[in-house]
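Working notes for the structure below.
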Amino acid sequence: MSWNEEHARDEHFWRSVAARYDVEPGPINLENGYFGRMTRSVVEAYERHIEFINRSNSVHVRQRFETLESLEIRAQLADLLGTHHEAVALTRCASDGLHSLIRNYNALQPGDQLLVSDQEYPSVLGAMRWLARNRGIELIEISHPFPASFASLVNTYQEAFERYPRLKLMALTYVTHRSGLVMPVQAIAAAARKHGVDVILDGAHALGQIDFNLEALGILFAGFNLQKWMGAPLSLGFIYIDPTRLEEIDPDMGEDRYPISDIRSRAPYGTPNIPAWMTLPLVFEEHRALGGSAAKGARLNYLRDIWVGAARGMPGIEVLTPDDPRLYCGITSLRFRHEPDQQRMVDRLLAEYNLFTVVREGTAHGNCIRVTPGLANSAEDLKQLARALGELSG
Ligand SMILES: Cc1ncc(COP(=O)(O)O)c(C=O)c1O
(Lines give C-alpha, C1' and ligand atoms only; values in the text may rest on other atoms or scores of the structure.)
Protein backbone atom coordinates (compact mmCIF):
# COMPACT_ATOMS: atom_id res chain seq x y z
CA MET A 1 0.00 0.00 0.00
CA SER A 2 1.40 3.41 -0.97
CA TRP A 3 1.85 6.23 1.54
CA ASN A 4 -1.10 8.08 0.00
CA GLU A 5 -3.32 4.99 0.24
CA GLU A 6 -2.47 4.57 3.91
CA HIS A 7 -2.91 8.27 4.57
CA ALA A 8 -6.33 8.12 2.86
CA ARG A 9 -7.56 5.90 5.73
CA ASP A 10 -6.51 8.29 8.47
CA GLU A 11 -10.01 9.35 9.50
CA HIS A 12 -8.66 11.63 12.20
CA PHE A 13 -6.66 13.62 9.64
CA TRP A 14 -9.47 13.77 7.07
CA ARG A 15 -11.91 14.89 9.76
CA SER A 16 -9.66 17.89 10.23
CA VAL A 17 -9.75 18.49 6.46
CA ALA A 18 -13.55 18.19 6.41
CA ALA A 19 -13.69 20.78 9.21
CA ARG A 20 -12.20 23.35 6.81
CA TYR A 21 -15.45 23.37 4.84
CA ASP A 22 -18.70 25.03 5.89
CA VAL A 23 -21.50 22.59 5.15
CA GLU A 24 -25.16 23.51 5.11
CA PRO A 25 -27.25 21.25 7.39
CA GLY A 26 -29.19 18.81 5.27
CA PRO A 27 -28.64 15.55 3.43
CA ILE A 28 -25.28 13.82 3.22
CA ASN A 29 -23.98 15.08 -0.10
CA LEU A 30 -22.74 12.27 -2.34
CA GLU A 31 -23.10 14.41 -5.47
CA ASN A 32 -19.84 16.33 -5.34
CA GLY A 33 -19.29 15.80 -9.06
CA TYR A 34 -21.23 18.89 -10.15
CA PHE A 35 -18.75 21.25 -8.54
CA GLY A 36 -16.55 21.11 -5.47
CA ARG A 37 -16.73 23.06 -2.25
CA MET A 38 -14.27 25.82 -1.50
CA THR A 39 -12.64 25.70 1.92
CA ARG A 40 -13.72 28.39 4.38
CA SER A 41 -10.41 30.23 3.90
CA VAL A 42 -10.87 30.22 0.11
CA VAL A 43 -14.42 31.57 0.50
CA GLU A 44 -13.11 34.33 2.77
CA ALA A 45 -10.32 35.26 0.36
CA TYR A 46 -12.79 35.24 -2.55
CA GLU A 47 -15.14 37.54 -0.62
CA ARG A 48 -12.26 39.88 0.16
CA HIS A 49 -11.30 39.99 -3.51
CA ILE A 50 -14.88 40.68 -4.58
CA GLU A 51 -15.07 43.59 -2.15
CA PHE A 52 -11.66 44.92 -3.13
CA ILE A 53 -12.25 44.76 -6.89
CA ASN A 54 -15.65 46.34 -6.40
CA ARG A 55 -13.99 49.22 -4.53
CA SER A 56 -10.98 49.60 -6.75
CA ASN A 57 -12.75 48.79 -10.01
CA SER A 58 -10.69 49.14 -13.17
CA VAL A 59 -7.81 50.92 -11.43
CA HIS A 60 -6.42 47.75 -9.87
CA VAL A 61 -7.50 45.59 -12.79
CA ARG A 62 -5.80 47.71 -15.44
CA GLN A 63 -2.74 48.59 -13.38
CA ARG A 64 -2.02 45.26 -11.72
CA PHE A 65 -4.32 42.37 -12.57
CA GLU A 66 -3.96 42.54 -16.35
CA THR A 67 -0.29 43.42 -16.36
CA LEU A 68 1.06 41.34 -13.45
CA GLU A 69 -1.30 39.19 -11.42
CA SER A 70 -2.99 37.34 -14.27
CA LEU A 71 0.45 36.47 -15.67
CA GLU A 72 1.57 35.13 -12.30
CA ILE A 73 -1.63 33.10 -11.93
CA ARG A 74 -1.14 31.68 -15.41
CA ALA A 75 2.46 30.76 -14.57
CA GLN A 76 1.30 29.01 -11.38
CA LEU A 77 -1.33 27.12 -13.35
CA ALA A 78 1.27 25.98 -15.87
CA ASP A 79 3.49 24.94 -12.97
CA LEU A 80 0.73 22.78 -11.56
CA LEU A 81 0.54 20.97 -14.90
CA GLY A 82 4.30 20.71 -15.18
CA THR A 83 4.28 22.86 -18.30
CA HIS A 84 5.17 26.36 -19.48
CA HIS A 85 2.89 29.39 -19.28
CA GLU A 86 3.01 29.75 -23.06
CA ALA A 87 0.98 26.54 -23.31
CA VAL A 88 -1.89 27.75 -21.11
CA ALA A 89 -4.74 30.27 -21.57
CA LEU A 90 -7.49 31.13 -19.08
CA THR A 91 -11.15 30.46 -19.92
CA ARG A 92 -14.42 30.64 -17.99
CA CYS A 93 -15.05 26.88 -17.80
CA ALA A 94 -14.04 23.62 -19.41
CA SER A 95 -16.77 23.82 -22.07
CA ASP A 96 -15.66 27.30 -23.11
CA GLY A 97 -12.12 26.13 -23.74
CA LEU A 98 -13.04 22.80 -25.33
CA HIS A 99 -15.51 24.51 -27.66
CA SER A 100 -12.84 26.97 -28.67
CA LEU A 101 -10.36 24.17 -29.44
CA ILE A 102 -12.95 22.22 -31.43
CA ARG A 103 -14.42 25.22 -33.28
CA ASN A 104 -11.00 26.56 -34.27
CA TYR A 105 -9.17 23.35 -35.16
CA ASN A 106 -8.06 24.19 -38.69
CA ALA A 107 -6.23 21.08 -39.88
CA LEU A 108 -9.28 19.36 -41.42
CA GLN A 109 -9.33 18.62 -45.13
CA PRO A 110 -12.32 17.53 -47.23
CA GLY A 111 -12.80 13.79 -46.74
CA ASP A 112 -11.34 13.73 -43.19
CA GLN A 113 -13.34 12.13 -40.39
CA LEU A 114 -13.94 12.98 -36.72
CA LEU A 115 -14.31 10.53 -33.84
CA VAL A 116 -16.30 10.59 -30.60
CA SER A 117 -17.41 7.83 -28.24
CA ASP A 118 -20.50 7.34 -26.10
CA GLN A 119 -18.46 8.51 -23.07
CA GLU A 120 -18.20 12.15 -24.14
CA TYR A 121 -19.79 14.97 -22.16
CA PRO A 122 -22.87 16.35 -23.98
CA SER A 123 -21.37 19.80 -24.59
CA VAL A 124 -18.29 18.22 -26.21
CA LEU A 125 -20.38 15.77 -28.22
CA GLY A 126 -22.55 18.68 -29.39
CA ALA A 127 -19.48 20.69 -30.41
CA MET A 128 -18.01 17.78 -32.39
CA ARG A 129 -21.35 17.29 -34.16
CA TRP A 130 -21.40 21.02 -34.90
CA LEU A 131 -17.87 20.86 -36.34
CA ALA A 132 -18.80 17.94 -38.58
CA ARG A 133 -21.96 19.68 -39.85
CA ASN A 134 -20.27 23.02 -40.43
CA ARG A 135 -17.21 21.68 -42.22
CA GLY A 136 -19.06 18.98 -44.16
CA ILE A 137 -16.98 16.32 -42.39
CA GLU A 138 -18.18 12.85 -41.41
CA LEU A 139 -18.48 12.18 -37.67
CA ILE A 140 -17.86 8.61 -36.53
CA GLU A 141 -19.61 7.79 -33.24
CA ILE A 142 -18.45 4.62 -31.48
CA SER A 143 -19.67 2.85 -28.32
CA HIS A 144 -17.49 1.11 -25.76
CA PRO A 145 -18.49 -2.42 -24.74
CA PHE A 146 -19.77 -2.90 -21.21
CA PRO A 147 -18.25 -3.76 -18.82
CA ALA A 148 -15.16 -1.87 -19.87
CA SER A 149 -11.62 -3.12 -19.34
CA PHE A 150 -8.30 -1.45 -20.01
CA ALA A 151 -7.85 -3.63 -23.12
CA SER A 152 -11.43 -3.14 -24.38
CA LEU A 153 -11.16 0.64 -24.16
CA VAL A 154 -7.86 0.76 -26.04
CA ASN A 155 -8.95 -1.89 -28.57
CA THR A 156 -12.19 -0.07 -29.36
CA TYR A 157 -10.17 2.96 -30.41
CA GLN A 158 -7.56 0.83 -32.16
CA GLU A 159 -10.30 -0.83 -34.22
CA ALA A 160 -11.82 2.57 -35.08
CA PHE A 161 -8.42 3.90 -36.20
CA GLU A 162 -7.95 0.87 -38.47
CA ARG A 163 -11.49 0.86 -39.80
CA TYR A 164 -11.62 4.60 -40.54
CA PRO A 165 -8.23 5.57 -41.99
CA ARG A 166 -9.45 9.12 -42.76
CA LEU A 167 -9.86 9.98 -39.09
CA LYS A 168 -8.08 13.22 -38.29
CA LEU A 169 -9.40 14.46 -34.95
CA MET A 170 -11.04 12.87 -31.90
CA ALA A 171 -12.45 13.95 -28.57
CA LEU A 172 -11.38 11.95 -25.54
CA THR A 173 -12.80 12.27 -22.03
CA TYR A 174 -10.29 11.60 -19.25
CA VAL A 175 -12.95 10.88 -16.58
CA THR A 176 -16.47 10.28 -17.84
CA HIS A 177 -19.23 12.19 -16.11
CA ARG A 178 -21.71 9.30 -16.08
CA SER A 179 -19.76 6.57 -14.35
CA GLY A 180 -16.39 8.06 -13.40
CA LEU A 181 -14.64 5.66 -15.78
CA VAL A 182 -11.02 6.78 -16.20
CA MET A 183 -9.84 6.41 -19.78
CA PRO A 184 -6.37 4.94 -20.47
CA VAL A 185 -5.41 8.25 -22.01
CA GLN A 186 -1.73 7.52 -22.58
CA ALA A 187 -2.33 4.26 -24.46
CA ILE A 188 -5.17 5.75 -26.52
CA ALA A 189 -3.19 8.90 -27.36
CA ALA A 190 -0.21 6.76 -28.43
CA ALA A 191 -2.43 4.68 -30.75
CA ALA A 192 -4.05 7.86 -32.10
CA ARG A 193 -0.68 9.40 -32.82
CA LYS A 194 0.42 6.31 -34.78
CA HIS A 195 -2.63 6.76 -36.99
CA GLY A 196 -2.18 10.52 -37.41
CA VAL A 197 -5.23 11.35 -35.27
CA ASP A 198 -5.15 14.48 -33.09
CA VAL A 199 -6.75 14.23 -29.64
CA ILE A 200 -8.62 16.98 -27.79
CA LEU A 201 -8.74 15.89 -24.16
CA ASP A 202 -11.64 16.81 -21.88
CA GLY A 203 -9.95 16.91 -18.49
CA ALA A 204 -12.84 18.49 -16.55
CA HIS A 205 -13.12 15.73 -13.97
CA ALA A 206 -9.45 14.76 -13.89
CA LEU A 207 -7.70 17.89 -12.66
CA GLY A 208 -7.26 17.79 -8.90
CA GLN A 209 -8.12 14.12 -8.34
CA ILE A 210 -5.77 12.40 -10.81
CA ASP A 211 -2.05 12.99 -10.78
CA PHE A 212 -1.05 13.36 -14.42
CA ASN A 213 1.40 15.07 -16.70
CA LEU A 214 0.09 16.10 -20.12
CA GLU A 215 3.42 15.66 -21.83
CA ALA A 216 3.80 12.15 -20.45
CA LEU A 217 0.24 11.38 -21.56
CA GLY A 218 1.09 12.55 -25.08
CA ILE A 219 -1.72 15.12 -25.08
CA LEU A 220 -1.37 18.24 -27.24
CA PHE A 221 -4.81 19.88 -26.84
CA ALA A 222 -6.89 19.90 -23.65
CA GLY A 223 -9.54 21.80 -21.71
CA PHE A 224 -10.09 21.91 -17.94
CA ASN A 225 -12.04 23.64 -15.20
CA LEU A 226 -10.93 24.45 -11.69
CA GLN A 227 -14.20 24.24 -9.80
CA LYS A 228 -14.56 20.48 -9.54
CA TRP A 229 -11.56 18.93 -7.80
CA MET A 230 -9.31 21.92 -7.27
CA GLY A 231 -11.90 23.59 -5.03
CA ALA A 232 -11.62 26.97 -6.78
CA PRO A 233 -14.49 29.45 -7.11
CA LEU A 234 -16.94 28.75 -9.95
CA SER A 235 -16.24 30.20 -13.41
CA LEU A 236 -12.57 29.33 -13.89
CA GLY A 237 -11.15 27.10 -16.61
CA PHE A 238 -8.25 26.93 -19.01
CA ILE A 239 -6.97 25.37 -22.18
CA TYR A 240 -3.66 23.72 -22.92
CA ILE A 241 -2.11 23.72 -26.39
CA ASP A 242 1.32 22.27 -27.06
CA PRO A 243 3.23 25.34 -28.33
CA THR A 244 4.53 23.39 -31.35
CA ARG A 245 0.91 22.87 -32.49
CA LEU A 246 -0.54 26.34 -31.81
CA GLU A 247 -0.91 27.02 -35.51
CA GLU A 248 -3.48 24.28 -35.85
CA ILE A 249 -5.91 26.22 -33.68
CA ASP A 250 -7.15 29.51 -35.14
CA PRO A 251 -7.59 32.54 -32.87
CA ASP A 252 -11.09 32.60 -31.43
CA MET A 253 -13.67 34.68 -33.26
CA GLY A 254 -13.89 38.20 -31.85
CA GLU A 255 -10.50 37.92 -30.18
CA ASP A 256 -8.19 40.84 -31.04
CA ARG A 257 -6.10 41.52 -27.95
CA TYR A 258 -3.20 39.17 -28.44
CA PRO A 259 -0.78 38.44 -31.29
CA ILE A 260 -1.39 35.26 -33.26
CA SER A 261 1.69 33.69 -31.65
CA ASP A 262 0.11 34.04 -28.16
CA ILE A 263 -2.06 31.15 -26.94
CA ARG A 264 -4.32 33.66 -25.16
CA SER A 265 -5.72 34.56 -28.58
CA ARG A 266 -7.22 31.02 -28.65
CA ALA A 267 -9.43 31.59 -25.59
CA PRO A 268 -12.90 33.12 -25.96
CA TYR A 269 -13.04 36.89 -25.48
CA GLY A 270 -14.80 38.26 -22.40
CA THR A 271 -14.33 39.90 -19.01
CA PRO A 272 -13.20 37.18 -16.59
CA ASN A 273 -14.30 36.73 -12.99
CA ILE A 274 -11.31 38.68 -11.70
CA PRO A 275 -11.89 38.16 -7.94
CA ALA A 276 -12.16 34.42 -8.57
CA TRP A 277 -8.87 34.36 -10.47
CA MET A 278 -7.21 36.39 -7.70
CA THR A 279 -8.22 33.64 -5.26
CA LEU A 280 -6.48 30.92 -7.21
CA PRO A 281 -2.99 31.22 -5.66
CA LEU A 282 -4.53 30.33 -2.28
CA VAL A 283 -6.38 27.39 -3.87
CA PHE A 284 -3.08 26.11 -5.26
CA GLU A 285 -1.34 26.59 -1.92
CA GLU A 286 -4.01 24.55 -0.10
CA HIS A 287 -4.02 21.91 -2.84
CA ARG A 288 -0.27 21.43 -2.53
CA ALA A 289 -0.35 21.49 1.29
CA LEU A 290 -2.86 18.63 1.23
CA GLY A 291 -0.53 16.54 -0.92
CA GLY A 292 -1.94 17.52 -4.33
CA SER A 293 -4.01 15.35 -6.64
CA ALA A 294 -2.29 12.14 -5.53
CA ALA A 295 -3.39 12.57 -1.90
CA LYS A 296 -6.86 13.90 -2.72
CA GLY A 297 -7.41 11.17 -5.33
CA ALA A 298 -6.32 8.44 -2.90
CA ARG A 299 -8.79 9.70 -0.26
CA LEU A 300 -11.65 9.85 -2.78
CA ASN A 301 -10.80 6.35 -4.05
CA TYR A 302 -10.78 5.05 -0.49
CA LEU A 303 -14.24 6.50 0.15
CA ARG A 304 -15.44 5.02 -3.15
CA ASP A 305 -14.01 1.59 -2.29
CA ILE A 306 -15.95 1.48 0.98
CA TRP A 307 -19.35 1.40 -0.69
CA VAL A 308 -18.30 -0.38 -3.88
CA GLY A 309 -16.62 -3.16 -1.89
CA ALA A 310 -19.94 -3.81 -0.13
CA ALA A 311 -22.16 -3.31 -3.20
CA ARG A 312 -20.23 -5.80 -5.37
CA GLY A 313 -21.59 -8.56 -3.16
CA MET A 314 -25.22 -7.43 -3.48
CA PRO A 315 -27.11 -9.37 -6.19
CA GLY A 316 -29.62 -6.54 -6.60
CA ILE A 317 -26.97 -3.93 -7.37
CA GLU A 318 -24.90 -3.55 -10.50
CA VAL A 319 -21.80 -1.37 -10.14
CA LEU A 320 -21.02 0.04 -13.59
CA THR A 321 -17.46 1.25 -13.06
CA PRO A 322 -14.66 -1.35 -13.15
CA ASP A 323 -12.40 -2.09 -10.14
CA ASP A 324 -9.17 -1.97 -12.16
CA PRO A 325 -7.31 0.80 -10.26
CA ARG A 326 -6.22 2.31 -13.57
CA LEU A 327 -9.85 2.84 -14.58
CA TYR A 328 -11.60 4.40 -11.63
CA CYS A 329 -11.49 7.46 -9.40
CA GLY A 330 -13.78 8.81 -6.67
CA ILE A 331 -16.86 8.84 -8.92
CA THR A 332 -18.68 5.54 -9.49
CA SER A 333 -22.15 4.66 -10.73
CA LEU A 334 -24.59 1.88 -9.90
CA ARG A 335 -27.98 0.55 -10.91
CA PHE A 336 -30.65 -1.26 -8.96
CA ARG A 337 -31.01 -4.31 -11.25
CA HIS A 338 -34.72 -4.89 -10.87
CA GLU A 339 -35.80 -1.27 -10.79
CA PRO A 340 -36.86 0.33 -14.08
CA ASP A 341 -36.87 3.82 -12.55
CA GLN A 342 -33.50 4.73 -10.99
CA GLN A 343 -34.84 8.18 -10.05
CA ARG A 344 -37.28 6.44 -7.68
CA MET A 345 -34.30 4.89 -5.89
CA VAL A 346 -32.48 8.23 -5.72
CA ASP A 347 -35.62 9.63 -4.11
CA ARG A 348 -35.72 6.75 -1.62
CA LEU A 349 -32.01 7.14 -0.77
CA LEU A 350 -32.77 10.74 0.10
CA ALA A 351 -36.10 10.29 1.89
CA GLU A 352 -35.21 7.15 3.86
CA TYR A 353 -31.44 7.46 4.35
CA ASN A 354 -30.69 11.18 4.03
CA LEU A 355 -28.28 10.48 1.13
CA PHE A 356 -28.12 12.87 -1.82
CA THR A 357 -27.15 11.29 -5.16
CA VAL A 358 -28.09 11.93 -8.80
CA VAL A 359 -29.33 10.00 -11.83
CA ARG A 360 -27.17 10.21 -14.94
CA GLU A 361 -28.68 9.35 -18.29
CA GLY A 362 -27.28 8.03 -21.50
CA THR A 363 -25.29 4.91 -20.67
CA ALA A 364 -25.78 2.16 -23.27
CA HIS A 365 -27.73 0.04 -20.76
CA GLY A 366 -29.99 2.71 -19.28
CA ASN A 367 -29.86 5.23 -16.49
CA CYS A 368 -27.58 4.93 -13.50
CA ILE A 369 -27.09 6.54 -10.10
CA ARG A 370 -23.85 8.46 -9.76
CA VAL A 371 -22.16 8.52 -6.36
CA THR A 372 -19.46 11.14 -5.88
CA PRO A 373 -17.93 11.59 -2.43
CA GLY A 374 -16.06 14.80 -1.66
CA LEU A 375 -13.42 15.83 0.84
CA ALA A 376 -16.06 16.87 3.38
CA ASN A 377 -17.42 13.29 3.52
CA SER A 378 -16.40 10.79 6.19
CA ALA A 379 -15.91 7.04 5.86
CA GLU A 380 -19.12 6.71 7.92
CA ASP A 381 -21.10 8.53 5.17
CA LEU A 382 -20.12 5.85 2.68
CA LYS A 383 -20.85 3.05 5.15
CA GLN A 384 -24.29 4.58 5.50
CA LEU A 385 -24.68 4.32 1.71
CA ALA A 386 -23.54 0.69 1.76
CA ARG A 387 -26.17 -0.11 4.45
CA ALA A 388 -28.86 1.70 2.45
CA LEU A 389 -28.01 -0.16 -0.75
CA GLY A 390 -28.07 -3.47 1.13
CA GLU A 391 -31.53 -2.78 2.55
CA LEU A 392 -33.04 -1.25 -0.62
CA SER A 393 -31.77 -4.02 -2.90
CA GLY A 394 -32.53 -6.90 -0.56
C1 LIG B 1 -16.54 15.26 -18.35
C2 LIG B 1 -16.98 16.69 -18.32
N3 LIG B 1 -16.60 17.50 -19.30
C4 LIG B 1 -16.94 18.82 -19.32
C5 LIG B 1 -17.73 19.35 -18.34
C6 LIG B 1 -18.13 20.80 -18.42
O7 LIG B 1 -17.44 21.55 -17.48
P8 LIG B 1 -17.78 23.11 -17.32
O9 LIG B 1 -19.05 23.18 -16.55
O10 LIG B 1 -16.61 23.66 -16.60
O11 LIG B 1 -17.94 23.65 -18.68
C12 LIG B 1 -18.16 18.54 -17.28
C13 LIG B 1 -19.02 19.11 -16.21
O14 LIG B 1 -19.62 18.42 -15.45
C15 LIG B 1 -17.79 17.17 -17.28
O16 LIG B 1 -18.19 16.34 -16.32
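Restricting the first residue to the range 301-321 and requiring it to be over 13 Å from Ser393 (Cα atoms) and not assigned by TED's automatic domain parsing to the domain that holds Asn377, which pairs with a second residue that is aliphatic (A, V, I, L, M) and open to solvent by 10 Å² or more (accessible area, probe 1.4 Å) meet a Cβ separation below 9 Å and a spacing of at least six or different chains? From the range 301-321, no pairs qualify. For Leu169, are the conditions met, namely being surrounded by 18 or more Cβ atoms within 10 Å (Cβ to Cβ), away from the ligand (no atom under 16 Å from the Cβ) and over 30 Å from Val359 (Cβ atoms)? Criteria met by Leu169. Scanning the range 183-193 for residues that are more than 17 Å from Ala107 (Cβ to Cβ) and more than 11 Å from the ligand (Cβ to nearest atom) yields Pro184, Val185, Gln186, Ala187, Ile188, Ala190, Ala191. Scanning the range 375-394 for residues that are part of a helix (DSSP H, G or I), more than 26 Å from the chain's Cα centre (by Cα) and closer than 18 Å to Pro315 by Cβ yields Arg387, Ala388, Leu389, Gly390, Glu391, Leu392, Ser393. Only a single criterion out of (1) of a type in the set (Gly, Ala, Ser); (2) under 21 Å from Asn32 (Cβ atoms); (3) at pLDDT below 95 is not satisfied by Ala310, namely (3).
Only a single criterion out of (1) in the same structural domain as Met278 (by TED's automatic domain parsing); (2) within 16 Å of the ligand (Cβ to nearest atom); (3) open to solvent by less than 40 Å² (accessible area, probe 1.4 Å) is not satisfied by Arg92, namely (3). What is the one condition in (1) away from the ligand (no atom under 15 Å from the Cβ); (2) surrounded by fewer than 23 Cβ atoms within 10 Å (Cβ to Cβ) that Ile210 does not satisfy? Checking Ile210 against (1) away from the ligand (no atom under 15 Å from the Cβ); (2) surrounded by fewer than 23 Cβ atoms within 10 Å (Cβ to Cβ), the one that fails is (1). Of the helices (runs of 4 or more DSSP H) lying entirely inside the range 1-75, those containing at least 1 residues that are modelled with pLDDT under 95, out of contact with any strand residue (DSSP E or B) (no Cβ under 8 Å at 6 or more places or on another chain) and open to solvent by 30 Å² or more (accessible area, probe 1.4 Å) span 3-8.
With the structure loaded, tell me whether Ala189 is open to solvent by 10 Å² or more (accessible area, probe 1.4 Å), under 25 Å from Gly82 (Cα atoms) and modelled with pLDDT of 95 or more or whether it fails that test. It is false that Ala189 is open to solvent by 10 Å² or more (accessible area, probe 1.4 Å), under 25 Å from Gly82 (Cα atoms) and modelled with pLDDT of 95 or more.
Taking every residue in the range 261-290 that is within 16 Å of Leu98 (Cα to Cα) and pairing it with any residue that is of a type in the set (Gly, Ala, Ser) and open to solvent by 20 Å² or more (accessible area, probe 1.4 Å), at least 6 positions away or on another chain, the pairs with Cβ-Cβ distances below 6 Å are Tyr269/Gly254. Residues of the range 329-361 that are out of contact with any helix residue (DSSP H, G or I) (no Cβ under 7 Å at 6 or more places or on another chain) and within 20 Å of Lys296 (Cα to Cα): Ile331, Ser333. Filtered by the rule that a residue be aliphatic (A, V, I, L, M) and either touching a strand residue (DSSP E or B) at 6+ places or on another chain (Cβ under 7 Å) or open to solvent by 30 Å² or more (accessible area, probe 1.4 Å) (or both), the range 108-137 gives Leu108, Leu114, Leu115, Val116, Val124, Leu125, Met128, Leu131, Ala132, Ile137.
The values are calculated or read from the model by the stated rules, or taken from the named source; none is laboratory data. Quick caveat: nothing in here was measured; it's all calculated off a predicted structure. So basically every Cβ, Gly included, is an ideal-geometry build from the backbone, and we count neighbours across all protein chains shown. The area values use the complete protein model at the heavy-atom level, side chains included, leaving out ligands, DNA and RNA. Shrake-Rupley method; radii C 1.70, N 1.55, O 1.52, S 1.80 Å.
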